[in-house]
C-alpha cells in the first residue's frame, strides 16, 4: 500500500518509480517483461509468481496512480473498459447501480448489457435533479456511478453531495475521473470509494497505449478488486504500464497546455455563438462563466481541463450529418477520431462514434444531439487549431442557416 507523500503532485509525477532498481542502480525503472517468476529453494513464493497476478513494472504505475489519487492502492487494467468491467464485479443480482443519464457510451453499453443479463439493475438519472436522486436513493441502491465532467457535454456532478446522499442509504460511490485526471480533481478526498480511469487518455497522453485503472480509498475494497482482477485476467501488460508511467511524468506540463488552448478556443467559439445567425449553436466548457456548472467547477476542480464540445446550427434542407461533414472536411491539424487526452487534437462526432451504442432516444434524453462535436484540444499552436476550426465554421456558415427552433 502506498504511503502519503509530502511532495507536491508535479514532483511526485516526475519522480514516480525512479531509483527503484536494486540490481544496477538505474535511475529509470527497468521494464520487467517476464510472464513468470521462480520460487525459492523452499518452494516458497517470492514477491511475484505470475504476471497476471503481479508484476513489478505494473505495480510501479499502480503505486504512482494511488499516490496521485490519495488512495490505498490501485489495480492497473488492460483497458478503460476492463476497469469498468472489473468494477461491475462488485455488484450482484440484487444490487442497484445508479448511473447518470448522459454517461459515456461505452459505460452505457456495458452497464445496460450486464443489466439485461440480470447481473444487477441499472437506473439512469439526472444527477442535477434532486427529486430524481431522492427517488432512486429511496430504492436502496448499492453503488452510485459518477462521471464528472461528463462525456461529451462537460456537465459536472457535485461529488461530495452524492457521497452524502449515498451514505444516507448505505451505498458507495465510484467516480470516472478520466476527463479531469488526479491533477485537476481528487474524488477520494471528497469521500468517494473508488476512482476509475482510462489511462489511455490524459495519464498516458500520447495515444499509443490502451489501459485503465481502479483506485480504492480503502485497503479492503482494493483487495476485493485485486482478487477479481487476477481471477478474470484483466490486468495490464508490463510494457503498456512502462509507457504509461513514462507518459505520466509530463502530465502536469501537458495539462497546462491543453487547458490554455481549450480556454482560448472555447472563448472564441462562445463569442461566435453570441452573434446573430451564427453557425455555432452552443458551447460546453466548464471554464465559461455561462456554463451551468461553472461555480461547481471552480470549487471542485483545480482547473477546467482540455475537453470541450460544441453544437453546430441547424441548416434547413440539409441533414445534420451533412452539416457535421461540412465542418470536418479539410481538417489537417485536428484528426477526426475517437479517444481523447493525447498531445494531438482530436474531434469526434458522439452520435456516430463514442455514443453510437446508445439508442437515439437515450442520446436525445441525455442532450447529445446529432450536430454535437467533441473536441479534445491538443498542445499544438492554438492559432493553427483556431484557423482550422474557423474554416470549418465558415463552411457551415456558407450554407443557408435555418431560423432558431421555436
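The values are calculated or read from the model by the stated rules, or taken from the named source; none is laboratory data. These numbers were taken from a predicted model, which means no experiment stands behind them. Using ideal geometry, Cβ is built from the backbone for each residue, glycine included, and neighbour counts are taken over all protein chains shown.
To keep it simple, each residue is scored yes or no on (1) touching a strand residue (DSSP E or B) at 6+ places or on another chain (Cβ under 9 Å); (2) under 22 Å from residue 210 (Cβ atoms).
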| site | (1), (2) |
| --- | --- |
| 9 | no, no |
| 25 | no, no |
| 31 | no, yes |
| 44 | no, no |
| 54 | yes, yes |
| 57 | no, yes |
| 82 | yes, yes |
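Within the set of pairs 6 or more residues apart or between chains, which connect a residue that is in contact (Cβ under 8 Å) with a residue 24 or more places away in the chain inside the stretch 258-272 to a residue that is surrounded by fewer than 19 Cβ atoms within 10 Å (Cβ to Cβ) and not in a helix (DSSP H, G or I) with Cβ atoms less than 7 Å apart?
Every condition considered, the pairs that remain are 272/278.
Given (1) outside any helix (DSSP H, G or I); (2) on the phi < 0 side of the Ramachandran plot, where does residue 110 come up short, assuming only one miss?
Only one criterion in (1) outside any helix (DSSP H, G or I); (2) on the phi < 0 side of the Ramachandran plot is unmet by residue 110, namely (1).
Regarding the stretch 204-218, can at least one residue be identified that is under 20 Å from residue 304 (Cα atoms) and either modelled with pLDDT of 95 or more or crowded, with 24+ Cβ neighbours inside 10 Å (or both)?
Checked against the condition, which is being under 20 Å from residue 304 (Cα atoms) and either modelled with pLDDT of 95 or more or crowded, with 24+ Cβ neighbours inside 10 Å (or both), the stretch 204-218 yields at least one hit.
Kindly indicate whether any position in the stretch 310-320 is assigned to a loop (DSSP other than H, G, I, E, B) and either touching a strand residue (DSSP E or B) at 6+ places or on another chain (Cβ under 6 Å) or closer than 12 Å to residue 263 by Cβ (or both).
Taking every residue of the stretch 310-320 in turn, at least one turns out to be assigned to a loop (DSSP other than H, G, I, E, B) and either touching a strand residue (DSSP E or B) at 6+ places or on another chain (Cβ under 6 Å) or closer than 12 Å to residue 263 by Cβ (or both).
Here's the yes/no breakdown for (1) part of a helix (DSSP H, G or I); (2) at pLDDT 95 or above; (3) within 27 Å of residue 16 (Cβ to Cβ):
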position	(1), (2), (3)
241	yes, yes, yes
257	yes, yes, yes
263	yes, yes, no
270	yes, yes, no
276	no, no, no
289	no, yes, no
292	no, yes, no
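Would you confirm, using the coordinates I've provided, whether residue 334 is within 27 Å of residue 99 (Cβ to Cβ) and surrounded by 15 or more Cβ atoms within 10 Å (Cβ to Cβ)?
no
Here's the yes/no breakdown for (1) without any contact (Cβ under 8 Å) to a residue 12 or more places away in the chain; (2) in a loop (DSSP other than H, G, I, E, B); (3) crowded, with 16+ Cβ neighbours inside 10 Å:
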{"residue": "326", "(1), (2), (3)": "no, no, yes"}
{"residue": "342", "(1), (2), (3)": "no, yes, yes"}
{"residue": "351", "(1), (2), (3)": "no, yes, yes"}
{"residue": "355", "(1), (2), (3)": "no, yes, yes"}
{"residue": "365", "(1), (2), (3)": "no, no, no"}
{"residue": "368", "(1), (2), (3)": "no, yes, yes"}
{"residue": "374", "(1), (2), (3)": "no, no, yes"}
